[in-house]
Amino acid sequence: MLERRDAETGAVFLVAVHSSRLGPATGGTRMMAYPSLEAARSDAMRLAEAMTYKWAAADFPRGGGKAVIALTGAPLSPIDRAGLLRRYGTFLRELAGRFWTGGDVGTSSADMDVIAETGAPYVFSRTPERGGAGGSGSWTARGVFAAIETVCGRLFGERSPRGRSVVVQGAGSVGAALIERLAAAGARVSWSDPSPEAGERWTRHPELTRLPPERCLDAETDILAPCALGRVLSAGTIPRLRARAVVGAANDQLAAPEDAERLRGRGVLYAPDFVVNAGGAVAITGIEALGWSEARAQREVDRIGETLARVLDAAADGGITEDAAARRLAEARLQAGR
Ligand code: PHE
C-alpha cells in the first residue's frame with residue numbers, strides 16, 4: 001500500500017496493489033471522506049483484492065489495485081479539487097505504471113481528464129473529447145442487466161426481467177443507468193438514493209417507485225440490486241432480506257466472508273459482486289488498452305451473463321456458495337497465469 005498526504009488539502013492518496021499476476025494493477029479511484037484513515041486503508045485494500053478477482057473472473061489481462069483519495073470532509077472549492085486531482089496525477093505518474101486507474105465512487109470522467117493532465121498515460125475513462133472512452137457507469141449497468149437476465153432465467157425459467165420486481169439501491173452513474181434499462185425492459189422498478197436531487201429526470205415516470213433508503217434492504221422483491229457502497233450484506237441485514245436474489249453493481253457487498261453462507265442459509269441467490277460488476281472496467285480498459293471496437297466491448301460485457309451461469313452451476317454442483325464458486329473460477333485463472 002502506497003500512501004501520500006497532500007499537504008495543501010490534508011487529503012491522503014492511498015494506492016493498494018493486490019496482484020499484478022495477470023497484468024498491470026488497474027482499478028478505480030474512489031474519492032470520499034472516511035471516518036478514519038484506517039477505514040480508508042481497509043476500503044482500498046479490500047477493493048484492490050476485489051479487482052484481482054474481477055479481472056480474473058472476466059478473463060481480462062489486468063491485475064488488482066485500487067486507489068482512494070481520502071478527503072478530510074472539509075468543503076473543497078472546484079479549483080482546490082482540480083489542484084488535488086492534478087497532484088494525485090503526479091503521484092500516479094511517479095508510480096510509473098505500477099498502478100493504472102479509472103473512475104469510481106466520487107470521481108467522474110471529467111475528473112479523469114484532470115488527473116490525466118499530470119498522470120498520463122496511466123488513466124482510463126477520460127471523456128471522449130479528450131480521447132477517452134468516457135464514463136464506465138452505463139457499461140457496468142449493461143453487465144448487471146445481463147446478470148439479472150441469467151438470474152431471472154434460473155428463478156423463473158424466463159430470462160426477461162419483464163414484470164419482475166427489482167429494487168435498485170443507489171441511483172448514481174451505475175444505478176441510474178440500470179434503472180433505465182430495467183424500466184425499458186418492463187421490470188417493476190423501485191429505487192432509493194439518499195440524495196434529494198437523485199432521480200429528477202424520472203418525475204414523468206410514475207412507474208418508477210422511490211423508496212426511502214432505509215426500506216431498500218427489507219423490501220419484498222424478486223431482485224435486490226445494491227448499486228451504492230459496499231458491505232451492505234451482513235449479519236444484521238441478511239435476516240431482514242425479503243429478496244429472492246441479490247444481483248447488483250456495488251463492490252465488496254459482503255461485510256464478512258461468512259455472509260455468503262448466511263445468504264445461502266436463507267435461500268437467497270447471491271450473484272457475486274465481482275463477477276456481476278466487471279462490465280465498466282472490462283469495456284473501458286478493453287477499448288482503450290486493447291483497441292476493442294464498441295461492438296466487441298458489448299459482446300464481452302454481455303458474456304457476464306454466461307460467466308455467472310457457470311458460477312451458479314458450479315455452486316449448485318459443488319454444494320458451495322456462489323461466492324466460493326466464483327472465487328474458485330478466478331483462482332484457477334490466477335494460478336494458470338492467464
Ligand atoms: N470503478 C471500476 C470498478 O470498480 C473500476 C474501473 C473503471 C477500472 C474504469 C478501469 C476503468 O470496476
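Which one of these is within 16 Å of the ligand (Cβ to nearest atom) and either surrounded by fewer than 24 Cβ atoms within 10 Å (Cβ to Cβ) or assigned to a loop (DSSP other than H, G, I, E, B) (or both): GLY230, GLY236? Spell out the reasoning first.
Details: GLY236 fails: within 16 Å of the ligand (Cβ to nearest atom).
Within the list GLY230, GLY236, the selection yields GLY230.
Does at least one position in the range 109-121 carry a residue that is modelled with pLDDT of 95 or more, hydroxyl-bearing (Ser, Thr, Tyr) and not in a helix (DSSP H, G or I)? Spell out the reasoning first.
Filtering the range 109-121 for residues modelled with pLDDT of 95 or more gives 109-121.
Retained after the next criterion (residues that are hydroxyl-bearing (Ser, Thr, Tyr)): 109, 118.
Among the residues that remain, those that are also not in a helix (DSSP H, G or I) are: none.
Within the range 109-121, not a single residue is modelled with pLDDT of 95 or more, hydroxyl-bearing (Ser, Thr, Tyr) and not in a helix (DSSP H, G or I).
Yes/no per residue for (1) touching a strand residue (DSSP E or B) at 6+ places or on another chain (Cβ under 9 Å); (2) within 16 Å of the ligand (Cβ to nearest atom):
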| position | (1), (2) |
| --- | --- |
| THR118 | no, no |
| VAL123 | yes, yes |
| GLY132 | yes, yes |
| SER136 | yes, yes |
| GLY143 | no, yes |
| SER173 | no, yes |
| SER192 | yes, no |
| TRP202 | yes, no |
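When you look at GLY291, is it crowded, with 20+ Cβ neighbours inside 10 Å and either within 16 Å of the ligand (Cβ to nearest atom) or of a type in the set (A, V, I, L, M, F, W, C) (or both), yes or no?
For GLY291, the condition - crowded, with 20+ Cβ neighbours inside 10 Å and either within 16 Å of the ligand (Cβ to nearest atom) or of a type in the set (A, V, I, L, M, F, W, C) (or both) - is not met.
Restricting the first residue to the range 250-268 and requiring it to be surrounded by fewer than 23 Cβ atoms within 10 Å (Cβ to Cβ), which pairs with a second residue that is part of a helix (DSSP H, G or I) and among the aromatic types (Phe, Trp, Tyr) meet a Cβ separation below 9 Å and a spacing of at least six or different chains?
ASP252/PHE274
Please enumerate the residues belonging to the range 37-71 that are farther than 14 Å from VAL282 by Cβ, within 11 Å of the ligand (Cβ to nearest atom) and part of a strand (DSSP E or B).
Matches in the range 37-71: GLY65, LYS66, ALA67.
Quickly run through the range 256-284 and pick out the residues that are under 25 Å from ARG242 (Cβ atoms), within 16 Å of the ligand (Cβ to nearest atom) and not in a helix (DSSP H, G or I).
ALA271, PRO272, ASN277
Can you tell me how many residues within the range 189-244 are within 25 Å of MET32 (Cβ to Cβ) and among the acidic types (Asp, Glu)?
Here the count works out to 4.
Quickly run through the range 1-41 and pick out the residues that are within 15 Å of LEU84 (Cβ to Cβ), of a type in the set (Lys, Arg) and out of contact with any Gly (no Cβ under 7 Å at 6 or more places or on another chain).
Across the range 1-41, the qualifying residues are ARG4, ARG5.
I'm trying to understand the selection: among the residues of the range 1-36, which are within 16 Å of the ligand (Cβ to nearest atom), farther than 15 Å from PHE99 by Cβ and surrounded by fewer than 22 Cβ atoms within 10 Å (Cβ to Cβ)?
Listed by number, the list holds a single entry, MET32.
Of all residues in the range 1-36, which are in a strand (DSSP E or B) and among the β-branched types (Val, Ile, Thr)?
Step one: list which residues in the range 1-36 are in a strand (DSSP E or B), which gives 2-5, 12-19, 25-33.
Matches in the range 1-36: VAL12, VAL15, VAL17, THR26, THR29.
The values are calculated or read from the model by the stated rules, or taken from the named source; none is laboratory data. The structure presented is a predicted model; accordingly, all values stated were derived computationally and were not measured. Cβ coordinates were reconstructed from backbone atoms using ideal geometry, including for glycine residues, and neighbour counts include every protein chain displayed.
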